Amino acid sequence: MIKETRRKRRILRHARVRAKIAGNATKPRLVVFRSNKHLYVQLIDDEKNMVLAAVSDLKLKSKKRGIERVKDLAAAMAGKAKEKAVQKIVFDRGGYKYHGQIKVLAEELRAQGIIF
């Protein structure tokens, strides 16, 4: 029997979530990807298969780590979303558990005025 890895289980969870949610031009899908070192966030219009905005902590000038870095990332994404006149989004946590950095990201986006 092949031992399942955490990554495979996350991909399966993400597939289950993606079967139920989709974004469009008025309410795009906000996707989160977490690597070992960095965090990436994208706004995606699934009807046109187009990325509307993308932010990663690689592009941020701050040298903060952890939760402070996520707060800066959420502020940057909220700014880009407001530039695109996006007020409402569908949150796609990418199969990750809703705690830690993912939870802080969602709460900070809500605090910035993005509704989901």
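The values are calculated or read from the model by the stated rules, or taken from the named source; none is laboratory data. Because the structure is a prediction, the values reported are computed rather than measured. Please note: Cβ atoms are built from the backbone with ideal geometry, for glycine as well, and neighbour counts cover all protein chains shown.
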Problem - Yes/no for Val51 being assigned to a strand (DSSP E or B), more than 12 Å from the chain's Cα centre (by Cα) and on the phi < 0 side of the Ramachandran plot - result: yes
Problem - Tally of residues being surrounded by 20 or more Cβ atoms within 10 Å (Cβ to Cβ) and either modelled with pLDDT under 95 or assigned to a loop (DSSP other than H, G, I, E, B) (or both) across the stretch 24-38 - result: 1
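Quick test for you: out of Val51, Val55, Val90, pick the one residue that is at pLDDT 95 or above, within 15 Å of Ile115 (Cα to Cα), of a type in the set (A, V, I, L, M) and surrounded by 12 or more Cβ atoms within 10 Å (Cβ to Cβ). So that I can check it myself, show each step before the final result.
Values: Val51 fails: within 15 Å of Ile115 (Cα to Cα); Val55 fails: within 15 Å of Ile115 (Cα to Cα).
Answer to the check: Val90.
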Exercise for the section: Give the stretch 91-105 a look and list any residue that's of a type in the set (A, V, I, L, M) and under 12 Å from Tyr40 (Cβ atoms), or say none. Expected result: Leu105
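From the list Arg110, Arg65, which one is over 25 Å from Thr5 (Cβ atoms) and surrounded by fewer than 12 Cβ atoms within 10 Å (Cβ to Cβ)?
Working: Arg110 fails: surrounded by fewer than 12 Cβ atoms within 10 Å (Cβ to Cβ).
None of the other options fit; the residue is Arg65.
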Practice task
Determine whether the stretch 78-85 contains at least one residue that is buried (at least 19 other Cβ atoms within 10 Å of the Cβ), in contact with a Lys or Arg (Cβ under 8 Å, 6 or more places away or on another chain) and modelled with pLDDT of 95 or more.
Solution key: no
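I need the full set of residues from the stretch 55-108 which are assigned to a loop (DSSP other than H, G, I, E, B) and in contact with a helix residue (DSSP H, G or I) (Cβ under 6 Å, 6 or more places away or on another chain), in order please. Break it down into steps so the answer makes sense when it comes.
Step one: filter the stretch 55-108 for residues assigned to a loop (DSSP other than H, G, I, E, B), giving 57-66, 84-87, 89, 93-100.
Within the stretch 55-108, Asp57, Leu60, Ser62, Arg93, Gly94, Gly95, Tyr96 meet the criteria.
Could you tell me whether Ala106 is of a type outside the set (Asp, Glu), in contact (Cβ under 8 Å) with a residue 12 or more places away in the chain and over 12 Å from Val32 (Cβ atoms)? First the steps, then the outcome.
Values: of a type outside the set (Asp, Glu): yes; in contact (Cβ under 8 Å) with a residue 12 or more places away in the chain: yes; over 12 Å from Val32 (Cβ atoms): no.
So Ala106 fails the test.
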